[in-house]
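Quick notes on the structure that follows.
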Amino acid sequence: MMDTSIVEVINVTREVAWLPWAVQYFFLIGLSVGGVLLSLPGYAFAHEDWRKLGRIALLVALTCGLAAPVSLLSDLHQPGRFWHFYVVLRPTSWMWWGSIIIPFYVTGLLVYGWACFREELQEQGRVDSRLAALYRLAALGGGRDDRLIRYAGLVVLTGAALVALYTGTEVAVVRARPLWHTPFLPLQFLATALAGATGLVLLLNRLAADGDRDVERVANQLLAGALGAVMLFGGLWLALGLFDLERTHADALASVAGSEAWRVTAVWAVAATAVPFVIAVAKPVGTGLLTGLIAVHGAWMFRWTVFIGGQTVPKTGAGFYEYALPAGPDGLLGIVGTAGLWLFLLLAITAVLPTPRRAAPGLLYPIAAE
Amino acid sequence: MDQSRRNFCLGFGAATVGAATLSPAPAEAVAAREGGDPAHRWGMVVDVRKCVGCQACTVACIMENDVPENSFRTIVSTYEVTEQGRSGTYMLPRLCNHCEDPPCIPVCPTGATFQREDGIVVVDNTVCVGCAYCVQACPYDARFINHETQTADKCTFCVHRVEAGLLPACVETCVGGARIFGDLKDPDSTVSKLVRERDPKVLKPEQGTQPRVFYIGLDPKFQGKVDGTPTLWRPSPQPHADAYAGKENA
């Protein structure tokens, strides 16, 4: 057995080229897709039991879906040139497909959101207030229209499916990065997005709605299901790699297995999935803030690990690159800024459409269906 | 004889006969090529046995191409290798491989990066949006974001020099004659002969990229991601010291 040791003396460190902005984008767009899916039973299928949960999910879908493209644009090093995507045909590039899919999805989401909220806009328009005329204008002289919601829901569902497909595939096709180049990655993105969206529904149920216990119970059950899927995919990913059953997964595991930091990350990820799963199953009521927070954290952490962690694995050099989060726009400021934009959108939407739903001032009777 | 610097002339041997050992690019890749002279296919052979690790190529490239600080289009990766108690130094000049099937091109969402008819992969930095998808897709870590132009940047084989009948700056400056540049479509060129006769290796052949930068004397341990101790850019010297001590005891 020949004993060889190699010490790298001179090499280049390639810095992270997809910045924390990209993490924010994939996180927010994933949560938005999850929010759309969770809103469909209550709105597109008009199941009244699901209406309250669906309304919170719709807030998740809209706030995250509108903030996401901003962070994606910021991830471009030449954001002012974004229109270059739209003057060429580049069907070999999943990112180019993304540039077509994102406006389709966001437009569909806005129409769907409007169709779902039209009933509330109409109600606000009946209130004796200076803004009533604006509400009536926004409602376009109509109210709840289940057919319209269903059609808009179909469009936004198509958009959401395309977003899930393209965001996952865009990363999974990068053969040069073994950690990304696995067939499981798009499924893992989707499952963690569903868990994150359900987690945010649980948080907003407390913080931006009336803290309904039925919503909390159902959302915790859904969260347990999503986290179960995360664990299933994660377990299969690990098994395929560990037992060398499938080449790409074995390569993916091998690319990080030697690192202590990555092992700690793996343990953390398992805990961030298993702990909220156990809590959500054992005590689905009264725990929503905790399980929701951990689930949102888990969805974000998965993307941070895949993108920032994945880029610290050198393609040719030895070991791992160091990464330190910069304080400026390429780092912390980008993360905080995106979060701020999301918060602003939440405040704006819930200011226009008061949440929890309540009788508008001047109305003598509570709003219908409450 | 140092064919790399003395006998290079752009006008010679514009033969269209492909080198026998080189398989052609997929049809769609060829179809997408634009600009450049299809009579040539530029390539490089690096004889790592002749490389002394002086980094003259690294510096020449930076000066020639105005590469920003802390960025490199080419660099000589240098390793200390200890085998059976004996230590030596291994040098591996790295640059864009100007692959026959470059994975950086299909991912580009704007068409800013493309391959010329002569095989050189370039970036139009007036079109590039700096999305860095190509940076991710390159298996050789050959691309980076240039923070002065905020676009993708990479080795161009010094296309501006080649078009003027000159050698790439790194080849021109190479002290040991380790870098040999030429036309792979010219069966009499030095690079064609070396590729034909010396069976040079390429980096990461399993990626299917068909690099057109070949290496003579490429140790398989350095063909892919190097399994070793990273020492550069570490904030603390401790890991290096530990690894060194461990190695000496081994």
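What tally of residues in region B:82-103 results from selecting those that are within 10 Å of another protein chain (Cβ to nearest Cβ) and touching a residue at least 40 places away in the same chain (Cβ under 8 Å)?
6
Quick one: how many residues across region B:60-72 are modelled with pLDDT of 95 or more and either in contact with a Ser or Thr (Cβ under 8 Å, 6 or more places away or on another chain) or among the hydroxyl-bearing types (Ser, Thr, Tyr) (or both)?
Residues meeting the conditions: 4.
Please enumerate the residues belonging to region A:89-110 that are within 20 Å of residue A:174 (Cα to Cα), part of a helix (DSSP H, G or I) and either of a type in the set (Gly, Ala, Ser) or within 9 Å of chain B (Cβ to nearest Cβ) (or both).
Within region A:89-110, A:94, A:95, A:96, A:97, A:98, A:99 qualify.
Residue check, residue B:155 against (1) crowded, with 22+ Cβ neighbours inside 10 Å; (2) outside any loop (DSSP other than H, G, I, E, B), all met but one. Which one?
Condition (2) is where residue B:155 drops out.
Considering region B:181-233 alone, what residues qualify as being in contact (Cβ under 8 Å) with a residue 24 or more places away in the chain, assigned to a strand (DSSP E or B) and in contact with a Ser or Thr (Cβ under 9 Å, 6 or more places away or on another chain)?
Of everything in region B:181-233, those that are in contact (Cβ under 8 Å) with a residue 24 or more places away in the chain, assigned to a strand (DSSP E or B) and in contact with a Ser or Thr (Cβ under 9 Å, 6 or more places away or on another chain) turn out to be B:181, B:182, B:183.
Would you mind stating whether residue A:286 is over 22 Å from the mean Cα position of the chain (by Cα), surrounded by 22 or more Cβ atoms within 10 Å (Cβ to Cβ) and part of a loop (DSSP other than H, G, I, E, B)?
For residue A:286, the condition - over 22 Å from the mean Cα position of the chain (by Cα), surrounded by 22 or more Cβ atoms within 10 Å (Cβ to Cβ) and part of a loop (DSSP other than H, G, I, E, B) - is not met.
It is to be established whether one or more residues within region B:90-102 are assigned to a loop (DSSP other than H, G, I, E, B), at pLDDT 95 or above and touching a His at 6+ places or on another chain (Cβ under 8 Å).
No: zero hits.
Of all residues in region A:140-168, how many are of a type in the set (Val, Ile, Thr) and more than 17 Å from residue A:31 (Cα to Cα)?
2
Within region B:171-190, which residues are among the hydrophobic types (A, V, I, L, M, F, W, C), crowded, with 19+ Cβ neighbours inside 10 Å and over 15 Å from residue B:118 (Cα atoms)?
Scanning region B:171-190 gives B:171, B:174, B:178, B:180.
Consider residue B:171 against the criteria (1) part of a loop (DSSP other than H, G, I, E, B); (2) away from every other protein chain (no Cβ under 14 Å); (3) not small (Gly, Ala, Ser): it satisfies all of them except one. Which criterion is unmet?
It fails just one condition, (1).
I'd like to verify a number: residues in region A:1-14 that are assigned to a loop (DSSP other than H, G, I, E, B) and either in contact (Cβ under 8 Å) with a residue 40 or more places away in the chain or surrounded by 19 or more Cβ atoms within 10 Å (Cβ to Cβ) (or both), how many?
The number of residues fulfilling the criteria is 4.
Do you know which residues across region B:115-145 are among the hydrophobic types (A, V, I, L, M, F, W, C) and over 30 Å from residue A:70 (Cβ atoms)?
Listed by number, the residues that qualify are B:120, B:121, B:122, B:142.
For region B:116-129, give me the residue count where each residue is at the interface with chain A (Cβ under 8 Å from one of its Cβ atoms) and buried (at least 24 other Cβ atoms within 10 Å of the Cβ).
Residues flagged as at the interface with chain A (Cβ under 8 Å from one of its Cβ atoms) and buried (at least 24 other Cβ atoms within 10 Å of the Cβ) within region B:116-129 amount to 2.
Only one residue in A:217, A:247 is of a type in the set (Lys, Arg), in the same structural domain as residue A:287 (by TED's automatic domain parsing) and either touching a helix residue (DSSP H, G or I) at 6+ places or on another chain (Cβ under 7 Å) or at pLDDT 95 or above (or both). Which one?
When all the criteria are applied, what remains is A:217.
Looking at region B:128-159, which of the residues that are among the aliphatic types (A, V, I, L, M) and under 21 Å from residue A:19 (Cβ atoms) is farthest from the chain's Cα centre (by Cα)?
It comes out as B:129.
For residues in region B:66-81 being outside any strand (DSSP E or B) and facing chain A (nearest Cβ under 9 Å), which is surrounded by the fewest Cβ atoms within 10 Å (Cβ to Cβ)?
Per the stated criteria, the residue is B:70.
If a residue must be free of Cβ contacts under 8 Å to residues at least 40 places away in the same chain and among the small types (Gly, Ala, Ser), how many such residues does region A:162-195 contain?
Here the count works out to 2.
Name, by its number, the condition in (1) within 14 Å of chain B (Cβ to nearest Cβ); (2) surrounded by 21 or more Cβ atoms within 10 Å (Cβ to Cβ); (3) out of contact with any Leu (no Cβ under 7 Å at 6 or more places or on another chain) that does not hold for residue A:320.
Tallying (1) within 14 Å of chain B (Cβ to nearest Cβ); (2) surrounded by 21 or more Cβ atoms within 10 Å (Cβ to Cβ); (3) out of contact with any Leu (no Cβ under 7 Å at 6 or more places or on another chain), residue A:320 fails exactly one: (2).
The values are calculated or read from the model by the stated rules, or taken from the named source; none is laboratory data. All values derive from a computational prediction rather than experimental measurement. When we count neighbours, we look across all protein chains shown, and the Cβ atoms used for this are built from the backbone with ideal geometry, even at glycine.
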